[in-house]
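First the structure, in the form of structure tokens, and then the observations on it.
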Amino acid sequence: MKKGIGKYWWLWGLWGFWGCFGFRYFFTHEIGDLFYFSFFAFFGFYFIGKLSLEMPDERYKANAQKAISKAAFIPAIALFIIGFSGTFPFGTKELMVTLSALGWAAFLITYAILFYYYEKL
């Protein structure tokens, strides 16, 4: 990776504001609008971009593995809730789509923050 590219990775984080379109669901009641909540995951690029200028070494890879092992708990909980709620009346399609999108975004943001934390510790 060239050294100058990493300083602009935070611009990818601006795509995270597309997640605000998910709130259109409350006006249109279209399930497809709930998908936009997954764009909040792009906010994690701010932290990844700050680390992209460093050369990966053994510590870098170990910290990435440690961060992903802790962050993977979030989508596991989201999938459990989706599966569990599917058998009950409160398990609507809207709930499942929202939990899927927010679970994905929360996983990536948590991974990026933990990875940044472990690297700067």
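Name the pairs: first residue in the range 37-65 and more than 14 Å from residue 120 (Cα to Cα) and among the hydrophobic types (A, V, I, L, M, F, W, C), second residue surrounded by fewer than 17 Cβ atoms within 10 Å (Cβ to Cβ) and at pLDDT below 80, Cβ to Cβ under 6 Å, at least 6 apart or on different chains?
Filtered contacts from the range 37-65: 42/12; 45/12.
Among the candidates 115, 107, single out the residue that is surrounded by 13 or more Cβ atoms within 10 Å (Cβ to Cβ) and touching a Lys or Arg at 6+ places or on another chain (Cβ under 9 Å).
115
Hey, any hits in the range 108-115 for a residue that's over 19 Å from residue 37 (Cα atoms) and either part of a helix (DSSP H, G or I) or free of Cβ contacts under 8 Å to residues at least 24 places away in the same chain (or both)?
Yes, there is a match, as at least one residue in the range 108-115 is over 19 Å from residue 37 (Cα atoms) and either part of a helix (DSSP H, G or I) or free of Cβ contacts under 8 Å to residues at least 24 places away in the same chain (or both).
The conditions are (1) loosely packed, with under 12 Cβ neighbours inside 10 Å; (2) touching a residue at least 40 places away in the same chain (Cβ under 8 Å); (3) under 19 Å from residue 117 (Cβ atoms); (4) of a type outside the set (Ser, Thr, Tyr), and residue 73 fails exactly one of them. Which is it?
(2)
Looking at 3, 50, which one is more than 16 Å from the chain's Cα centre (by Cα), in a helix (DSSP H, G or I) and modelled with pLDDT under 90?
It is 50.
The values are calculated or read from the model by the stated rules, or taken from the named source; none is laboratory data. Please read all numbers here as calculations on a predicted model, not as lab measurements. So basically every Cβ, Gly included, is an ideal-geometry build from the backbone, and we count neighbours across all protein chains shown.
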